[in-house]
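Comments concern the structure below.
Only the coordinates and a few stated rules stand behind these numbers; no lab work does. From a predicted model like this one, the values you see are computed outputs, not experimental measurements. Ideal geometry is used to build each Cβ from the backbone, glycine not excepted, and the neighbour counts take in all protein chains shown.
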């Protein structure tokens, strides 16, 4: 890759334009040098696609939470890009326990302590966690 | 007590960047490509059974932690490295070293680094950065992928250092304790190249050169085995790993080519300069592959012909690399 071939395709989502990565490219005289790149179309697209996929799944889960089919825990887990294994690890629970907490009825009866722990993992307040998706 | 001010340099890759920045601070003149090459950072791996963020794991470089360790071993640099069970203990140990004026390498998760654009913040637990001081309750941070030095609040740094998942950094931190007067670069370069070539030809299908062909076969089968959506996500993951922060799309091939060039100049060896040029061309081929993959992703096609062509591009990268690394194995030192 020559210096003038270093891609400068703007990464215009999720503050992506804040970072100009350094890449190595070949100068006219054949020597390698570091050049800043605003982004690369192929990577931007792959990254955007990954985020779109996350957001689609998240919207789906949000709907289920609002319908009362899932507890808010499922929503915030996905919002924080976690899966059940990772959330269980953070919470110090078994995976089947976390899965059980996805049931709205079980979630409502959880100890304040456990709910507080979950809220802490997601960096939100207990109120935000338990009221999410409930009918006002 | 060390009063020298820490200087931040931006680099392409986190681990080789941290290695270069830490060693430069200690007076060892080393570039990022040199650190990457001596650490034998170049690699390939494809693990269909290991799912990372829902897609099969693919890597273009050696596992995290190897580069720093190997560079220090090969240049006879003394280091101290430590993991912790307790968060408070880990932060206290960091503060104590920072108080002596020594910059400290830190391993952690990018998810908990607020200074990074959100687009990059996934649960990736093997990011390297340097803490080089504390001011007004905040840590001074030199993250090699950033253009400038930055800061982070202690509560964020704790989360970053004690992220859970695979792998778990457990507060891992490392710093240089001693450097030799004249590090032997010639020997280190030789060891780096030899090891890189050796690791490219293991007797396992998931690692090294043969894994490129494994991936090619898998990709060829995507249209039959996966929904167009899933196939696009899998391809996207391959591209993202190939461009894993600052390789310019060449999957670290340009970085290693830059190393070969620098090594060739330092040791006055034309063969290394020549191999550098060859590897640059291979890097361009990788980039072409990623371009073509992105095109297929965009249309979400299950057109068998385009997947056939794509896997053929990949096999060509693999074949050219095999030839080059086999030749490099025969280098007479």
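Using only the alpha-carbon atoms, how far is helix A:112-122 inclined from the longest principal axis of chain A? Give it as 0 to 90 degrees, nearest 10.
With both axes taken from Cα atoms, the answer is about 10 degrees.
Between the helical axis of B:253-267 and the dominant principal axis of chain B, each derived from Cα atoms, what acute angle in degrees is found, rounded to the nearest 10?
So the helix axis and the longest Cα principal axis differ by about 60 degrees.
Report for chain A the percent antiparallel among DSSP-assigned beta bridges with both residues inside it, nearest 5.
Bridges in chain A are about 75 percent antiparallel.
In degrees from 0 to 90, rounded to the nearest 10, what is the angle of the helix B:270-299 Cα long axis to the longest principal axis of chain B?
70 degrees
Over the stretch A:1-64, what is the relative contact order in percent, taking alpha-carbon pairs closer than 8 angstrom and at least six residues apart?
Computed value for the stretch A:1-64: 33 percent relative contact order.
Normalising by the residue count of chain A, find the relative contact order in percent from Cα pairs under 8 Å and 6+ residues apart.
So the answer I get is 18 percent.
Take the Cβ-Cβ distance between residue B:29 and residue B:308 as r, set R0 to 56 Å, and report the resulting FRET efficiency rounded to the nearest 0.05.
Working from the Cβ atoms, E equals 0.70.
What FRET efficiency comes out for the pair residue B:299/residue A:63, r = Cβ-Cβ distance, R0 = 30 Å, nearest 0.05?
Working from the Cβ atoms, E equals 0.60.
Over what distance in Å are the Cα centres of the stretch B:42-77 and the stretch B:158-235 separated?
Measuring centre to centre over Cα atoms gives 2 Å.
Work out how much length residue A:55 to residue A:17 would gain on full extension: take 0.36 nm times their residue separation and subtract the Cα-Cα distance, in nm to one decimal.
This chain segment gains 11.7 nm when fully extended.
Over the whole of B:137-148, what's the average partner chain Cβ count within 10 Å per residue? Rounded to a whole number, please.
The mean count of partner-chain Cβ atoms within 10 Å per residue comes to 1.
For labels at residue B:204 and residue A:81 in the simple 7 Å Cα→Cβ model, what's the distance in nm?
2.7 nm
So for the stretch B:1-152, averaging the separation of alpha carbon pairs under 8 Å that are six or more residues apart and normalising by length, what relative contact order in percent results?
27 percent
If packing is taken as the mean number of other Cβ atoms within 10 Å per residue, what is the order of B:106-119, B:255-268, highest first?
Final packing ranking: B:255-268, B:106-119.
Given R₀ = 41 Å, what would the calculated FRET efficiency be for residue B:4 paired with residue B:270, taking r from the Cβ atoms and rounding to 0.05?
According to the calculation, E is roughly 0.60.
For residue B:99 and residue B:323, compute 0.36 nm times the residue count separating them, minus their Cα-Cα distance, and round to one decimal in nm.
Gain in length upon complete extension: 75.6 nm.
Just checking the output field for A:23-36: average partner chain Cβ neighbours within 10 Å of each residue's Cβ?
Counting other chains' Cβ atoms within 10 Å and averaging over A:23-36 gives 6.
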